[in-house]
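The values are calculated or read from the model by the stated rules, or taken from the named source; none is laboratory data. In this text the structure is predicted, and so the values were computed from the model without any measurement. Please note: Cβ atoms are built from the backbone with ideal geometry, for glycine as well, and neighbour counts cover all protein chains shown. Surface accessibility is based on the protein's heavy atoms, side chains included, excluding ligands, DNA and RNA. Shrake-Rupley method; radii C 1.70, N 1.55, O 1.52, S 1.80 Å.
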Amino acid sequence: MAEIWLQNLAHTYAPGAPYALKPLDMTWRSGGTYALLGPSGCGKSTMLNIISGLLRPSEGRVLFDGRDVTALSTGQRNIAQVFQVPVIYRSMTVGQNLGFPLVCRGMSGLRIRKRVDAVAERLGLAPLLKRPANALTADQKQLVSLGRGLVRADVAAILLDEPLTVIDPHMKFELRRILKEINAEFGVTMVLVTHDQTEAMTFAEEVIVMNHGEVVQVGSPTELFERPATHHVGQFIGSPAMNFLPAQRDGDRIAVPGTGLALPAPVNLPDGDLALGFRPEHAALAAGDGQFTGQVARLWFEGLDEIVALSNPAGEVRVRCPAGQPLARGDSVGIRLRDGALRLYSGGRLVA
Ligand code: ADP
Ligand code: MG
């Protein structure tokens, strides 16, 4: 297990090309669970491959427990990496696949068998040990890939690059549970790459949100939900997306014209277009007039809730309500926000 430090790290794939990964500094706690979350092409795999040693960064250093490993290979770093498509040795049995990293290290047959049995038990692969790996389902093959990382007692971290993409939804849930149990049991650092916010938020203690090669926010799922650092995070995380309404300075306040929504203007307000944002979960339909009103434009169900989208001259506002609202399109409805729900943004960034 290792604390991983990315120091002044950045990457371009060719000299003079734009950054695939913009300069960053980050520490990953030993034994933590992390998710790298962002749309396709935002630099997640680039960052993961730099941590694992598959890719040498064009700038900066990678440190494991204070030791510079930038020039070391994946094997020398003791990193286990699981990819979107399971990597298995097709001509070997499940047991041989699991034991292979130990065979390569010259461990004795008996010790290998003990270790393989323990890992197979943990992953539910014990009944399949003698089967040809070739004959497994995609889910099972992915478990074998993961198991090969786990057999080594000295593994520094397990890096998973969209490993659940090929897995069916039920198994995804199951695999995520297994990963968390393994993290709790062995204390191994885990980094999961995903473009699925639910996957990231349910797996990780800390989520790294990326966009266009940049780390835009690092925080717990609660922090990302309560205080998104940018419009992008507010829209990418949460369903439906956070509401943002254009705002203006009005004396000593920042207000959304015609709504009664306002916050005190901070002393050092950064330049940029102003907006006030709030989560659909932090608003409710009001019996009276509320703070402002909107016309019902659309309604749709999400589980036991109903999302009501209301139009207002300031913009569209979505509110999460209990299902069964006696509403029809065009109805005029009052909206009230929970205390402390409003956030101020300037130039698309949260103003502290
Ligand atoms: P993600 O994993 O988030 O989908 P990647 O890290 O794979 O994103 O890619 C980040 C950016 O770097 C993209 O613009 C991608 O096209 C580019 N890129 C990735 N791999 C290479 C490569 N081997 N050579 C050149 N450009 C690459
Ligand atoms: Mg990728």
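Just add up the charged neighbours of His195: K/R +1, D/E -1, any other residue whose Cβ is under 9 Å from the Cβ of His195. Each step should come with its number before you reach the end.
Numbers: positive: Lys44; negative: Glu162, Asp196, Glu199.
Surrounding charge for His195 is -2.
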Taking Cα atoms, the helix 138-150 axis meets the longest principal axis of the chain at an angle in degrees (rounded to 10) of 70 degrees
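Suppose the chain between Ile178 and Glu223 were pulled fully straight at 0.36 nm per residue; how much longer would it get relative to their current alpha carbon spacing?
13.7 nm
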Given a Förster distance of 22 Å, the FRET efficiency implied by the Cβ-Cβ spacing of Glu281 and Ser311, rounded to the nearest 0.05, works out to 0.65
Relative to the chain, whose Cα atoms define the longest principal axis, helix 94-104 and its Cα axis are tilted in degrees, nearest 10, by 70 degrees
Longest principal axis of the chain (C-alpha) makes with the long axis of helix 169-186 (C-alpha) an angle, in degrees to the nearest 10, of 70 degrees
If each K or R counts +1 and each D or E counts -1, the residues other than Met171 whose Cβ falls under 12 Å of its Cβ total +1
Across His11, His170, His231, the residue with the highest GNM fluctuation in the chain (Cα network, 10 Å cutoff) is His170
Percent antiparallel among DSSP beta bridges confined to the chain, nearest 5, equals 75 percent
Probe 1.4 Å, heavy atoms of protein chains only: per residue, the accessible area of the chain in Å² is 46 Å²
Amide H neighbours of Thr93 at under 5 Å, excluding residues fewer than 5 places away on the same chain, with H built from the backbone geometry, are Ala133
Listed residues Ile307, Ile208, Ile51; largest mean-square fluctuation, Gaussian network over the chain with Cα springs below 10 Å, found at Ile307
Everything considered on the Cα gyration tensor (a ≥ b ≥ c; rounded for a/c under 1.5, else prolate if a/b is larger than b/c, else oblate), the range 131-212 must be described as oblate
Expressed as a whole-number percentage, the relative contact order of the chain with C-alpha contacts under 8 angstrom and at least six residues apart is 16 percent
Taking the alpha-carbon centre of each part, the distance from the range 235-295 to the range 137-209 in Å is 38 Å
Share of accessible surface on carbon and sulfur in the chain, whole %, 1.4 Å probe and ligands ignored, is 53 percent
Percent antiparallel among DSSP beta bridges confined to the range 149-243, rounded to 5, stands at 50 percent
Scoring only Lys, Arg, Asp and Glu (+1, +1, -1, -1) among other residues with Cβ under 12 Å from the Cβ of Leu125 yields +2
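With a cap of 16 neighbouring Cβ atoms within 10 Å, and only residues DSSP puts in a loop, list the trypsin sites (Lys or Arg not before Pro) found in the range 73-127.
Arg90, Arg105
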